[in-house]
Amino acid sequence: MDFPVFLNKWIIGLKPIKYTIFWYWYRLISHDGWRMDDHQRYADFWLNLNHGYDHMQYVHKFEEFWGKGSYPPETIYLPAEDFDALVKRL
């Protein structure tokens, strides 16, 4: 079924039919508007936000055990031309 998004949301959110056989059947057949990559991007967004915090905590524990400056910083090697091209695209 190719209903507009607002109709899909209305049908799925309709309380009298929620969690009935029709509701499960409709959810099963109306998957054409559902995109897996949207949900993956949503999860990746929060994962990347939290990655910085997790990384800081890991570095702190690592240096606490092995000593200050023992954790190698992340280094990206990029030629100057490629860096300029990236900056230009941004």
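Just name the residue that is surrounded by the most Cβ atoms within 10 Å (Cβ to Cβ) out of those in region 36-74 that are at pLDDT 70 or above and hydroxyl-bearing (Ser, Thr, Tyr).
Ranking the candidates gives 71 first.
Of the conditions (1) surrounded by 10 or more Cβ atoms within 10 Å (Cβ to Cβ); (2) modelled with pLDDT of 75 or more, residue 33 fails just one. Which one is it?
Single failed check for residue 33: (2).
The values are calculated or read from the model by the stated rules, or taken from the named source; none is laboratory data. Just so you know, these numbers come straight off a predicted model, no measurement behind them. All Cβ positions, glycine included, derive from the backbone under ideal geometry; neighbour counts span all protein chains shown.
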